[in-house]
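The structure appears below as structure tokens.
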Amino acid sequence: MLQQIQETMKKCNTCEELLPLTEFHKNKNSKDGHMHRCKKCRVYENFEQHKRNNPRRMWVNGRYISTRHPLYKPGRYKNFEDAAFSSLAKYELSVEGQVYVITNPNFPDWVKVGMAIDAEDRLNNYQTSSPFRDYVLQYYYDVNNRREAESQAHTELQKSYERRGEWFKCTPEEARVVVSSTAEEYK
């Protein structure tokens, strides 16, 4: 009985499940004539490897970027600036992006309202200038024209709060109210 089970079943080296031999591809070089991984594990592994190695995909800082992204260009990049400089024409023409609110505990009463194609990538750029990596992305909103949306948000914030460049003396919540209402107009 045990001999029959051993002849018709096999343990997958990847998922470690005991499966019927029909769940394994054939391999004439193997002792039992079957692969050491089951069909499901091989399919999954091939899919994951294809995702990583597909030359038509764009990766920025280890994160997959959709082909619909305005700066899409196949390849692997550290940040969007690297991707943008490799396709500078697209960067200049691209108006879509995000308007964001960033804070830093070293400036407790101030928030930065800015624009970028990708707010998280912009945050990473700020982190390189801070030895404590203490900038925090509080909010961000997708907009169809990042430059105009940022400019309008700055104009609205300036009416009520002290301004220094892109930094405003207000709470993140106060900035969020203004930025979110501006972003609604640019959806």
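Okay, here's what the table says:
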item: Close pairs (9 angstrom Cβ cut-off, 6 or more residues apart or separate chains): small (Gly, Ala, Ser) in the range 62-80, part of a loop (DSSP other than H, G, I, E, B) anywhere; result: 66/72; 75/55; 75/57
item: Meets criteria (among the hydrophobic types (A, V, I, L, M, F, W, C), touching a helix residue (DSSP H, G or I) at 6+ places or on another chain (Cβ under 8 Å), modelled with pLDDT of 95 or more and part of a helix (DSSP H, G or I)) for residue 137; result: no
item: Matching residues, the range 139-162, being out of contact with any strand residue (DSSP E or B) (no Cβ under 8 Å at 6 or more places or on another chain) and of a type outside the set (Asp, Glu); result: 144, 145, 151, 152, 155, 159, 160
item: All strands (runs of 3 or more DSSP E) inside the range 13-78 with 2 or more residues being out of contact with any Lys or Arg (no Cβ under 7 Å at 6 or more places or on another chain); result: 34-38, 63-65, 75-77
item: Residue 178 modelled with pLDDT of 90 or more, within 26 Å of residue 61 (Cβ to Cβ) and not in a loop (DSSP other than H, G, I, E, B); result: no
item: Residue match in the range 141-160 (condition: charged (D, E, K, R), farther than 14 Å from residue 186 by Cβ and not assigned by TED's automatic domain parsing to the domain that holds residue 65); result: yes
item: Considering residues of the range 158-171 that are closer than 20 Å to residue 97 by Cβ and out of contact with any Lys or Arg (no Cβ under 7 Å at 6 or more places or on another chain) only, the residue modelled with the lowest pLDDT; result: 165
item: Filter result (at pLDDT 95 or above and either assigned by TED's automatic domain parsing to the domain that holds residue 77 or more than 17 Å from residue 152 (Cβ to Cβ) (or both)) within the range 110-133; result: 110
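The values are calculated or read from the model by the stated rules, or taken from the named source; none is laboratory data. Since we're looking at a predicted model, the values are computed, not measured. Neighbour counts run over all protein chains shown; Cβ positions are idealised from the backbone, glycine included.
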